Each structure stands twice: as C-alpha cells, then as structure tokens.
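The values are calculated or read from the model by the stated rules, or taken from the named source; none is laboratory data. Note that the structure is a prediction, hence the values are computed from the model and not measured. For neighbour counting, all protein chains shown are included, and Cβ atoms are generated from backbone atoms with ideal geometry for every residue, glycine included.
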C-alpha cells in the first residue's frame, strides 16, 4: 500500500512491517526544500506511531538518494527549509532543516542509497541507523565547494561513524566517496553485511531484505538496545553549536557571494538550454 504526502513530495509505502519513505523530487536529484522537509518529518512521525511498522527505509526516487538542500529555496520564503534553534528535549524531537534529522525514533531506520547522497543528503543518511549502498552510490560533503555549511548533524554524526581523522578529510576536502571506499571506511555497508565487496543489487532491494531480518528479532530488546546506543551519544548540544556556527556562515559575506555566483551560473545554463531548444 502506498500513499503520498504533501503533494507527492514524499511517497510512503507499507510492505508488511516495513515502511518505505521515498523523497520524490527526481528532477532535483531529490534535493530537500521546506515543504519536503516537513513532509519527511510527518512521514517519520507517522511511522513511529504506527504499531504495525517495525522498520523504516529512507530512499530517493529516480536513481538518487538526496543531493542536499535545495539552494533555490533560499530565494523563496515559502520554499525555505525550517531553520530554528528551538529544540525541546521531548521525544521524538523537533523538525530540522532537512526534516527528521533532530528526531530520536523508537524504531530503526535504514538508508537505501543509490546515486548521490551528498551535502544535506549525507546528513540524512547519517541520521539513519544503517546505510546500505549499491555500486551506483556517491557520498560526500559536496556543500564544501559552495561555501554552504553542514548544519543538520553532519559535523557531529560523521566523526561518530567514521572517526575524526576520516571525517576531517571528507569535511575539509568535500571530495566524492564512491561506494567501494564508503564500505572500506565503514561509512556504509551492503546486505548481506559486507564492508568489502560492493553489491550491484539495488540498495532498496538490499534494504528490504535487511528490514525483514530486523523485523524478525524480539522487538522490545532490539529497540531498547538501539535507544541505549543513541542516548549514550547525546548530540543535542553539539548540533545546537553546529547550528549556531552554521548560521554565522549563512549570514557571512562569503556565503552570500558564493551562493550568488551559483545562482548566476544556474540561470546562465538555463538560458543556454532554452536557446538550444529554439
């Protein structure tokens, strides 16, 4: 059973005890704007409250996971991503710039990554408990190249997953991480579990098999062990500091100059494409 959320920006499908939540903006490589962030947040609220759902899978439509925040939304207040330093401690938590990234759910979430999972898309993947990749996957802090800050957990969660040394390499360079390297540095895995050989099986298909396995486990035990791990690494204060520093970046002349140049280049490309069609 599938239903849509917020004008089809997010698709939600139930397959037995697995809920598949799909970012549905393939024309934008599934970049997340404000309405999409809100739809994702609501989809995960609904999943957490659904007693028949054991595991969620987050993925993207059209061959990409998510290429980050939609920079075009900066120009339109109605499209802008949610930005707030308000963070009440009540669970499951408030909405973040990319949607669910400040939530602590009671059940596991798997990221099924095909294509790009970069910038804010990498932050979404890092929020998930397990990241599954296929041979098409590319991960990275691509926002480094445009002066756009990691502002939704990336600077906090990435070092927790891969260690500070590797995280600094990825965060400072903004380089691309292909699937094989993602396995090697344990940023992601395949299923059946492997940190060595990349699978050609689509990430969503792998994630569905993993979700079925997780759903067979004694649920109270698995969920409590998972929550204990989350609470052993509190990130709220660290993410609030990240947000504060990110806001400083967003109001800086450097950011405004770089993003202005990006919009000029995008508009020039669109004009050239339009002229070529005539």
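If you take the residues in the range 113-128 that are in contact with a strand residue (DSSP E or B) (Cβ under 6 Å, 6 or more places away or on another chain) and within 19 Å of residue 226 (Cα to Cα), which one is surrounded by the fewest Cβ atoms within 10 Å (Cβ to Cβ)? Filtering the range 113-128 for residues that are in contact with a strand residue (DSSP E or B) (Cβ under 6 Å, 6 or more places away or on another chain) and within 19 Å of residue 226 (Cα to Cα), the one surrounded by the fewest Cβ atoms within 10 Å (Cβ to Cβ) comes out as 128. Residues in the range 88-112 that are over 23 Å from residue 208 (Cα atoms) and either without any contact (Cβ under 8 Å) to a residue 40 or more places away in the chain or touching a strand residue (DSSP E or B) at 6+ places or on another chain (Cβ under 9 Å) (or both): 88, 90, 91, 93, 94, 97, 98, 102.
Condition check ((1) in contact with a helix residue (DSSP H, G or I) (Cβ under 9 Å, 6 or more places away or on another chain); (2) surrounded by 15 or more Cβ atoms within 10 Å (Cβ to Cβ)) across all residues:
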site	(1), (2)
215	no, yes
234	no, no
249	yes, no
257	no, no
268	no, no
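The single condition from (1) touching a helix residue (DSSP H, G or I) at 6+ places or on another chain (Cβ under 9 Å); (2) more than 16 Å from residue 101 (Cα to Cα) that residue 59 fails is (2).
Can you tell me which residue within the range 62-82, out of those that are exposed (fewer than 14 other Cβ atoms within 10 Å of the Cβ) and at pLDDT below 95, is farthest from residue 264 (Cα to Cα)? Checked the range 62-82; the qualifying residue farthest from residue 264 (Cα to Cα) is 78. Across the range 177-198, the qualifying residues are those that are touching a strand residue (DSSP E or B) at 6+ places or on another chain (Cβ under 8 Å) and modelled with pLDDT under 95, and the one among them that is nearest to residue 110 (Cα to Cα) is 195. Looking across 36, 22, one residue alone is surrounded by 19 or more Cβ atoms within 10 Å (Cβ to Cβ), touching a residue at least 24 places away in the same chain (Cβ under 8 Å) and outside any helix (DSSP H, G or I). It is 22.
Hey, among the residues in the range 133-148 that are touching a helix residue (DSSP H, G or I) at 6+ places or on another chain (Cβ under 6 Å) and surrounded by fewer than 21 Cβ atoms within 10 Å (Cβ to Cβ), which one's farthest from residue 259 (Cα to Cα)? Across the range 133-148, the extreme among qualifying residues is 135.
Out of curiosity, is residue 167 out of contact with any strand residue (DSSP E or B) (no Cβ under 7 Å at 6 or more places or on another chain), under 24 Å from residue 110 (Cβ atoms) and assigned to a helix (DSSP H, G or I)? Here the answer is yes, as residue 167 does meet what is asked.
Do we have any residue at all in the range 197-209 that's under 17 Å from residue 242 (Cβ atoms) and in a helix (DSSP H, G or I)? No, the conditions are met nowhere in the range 197-209.
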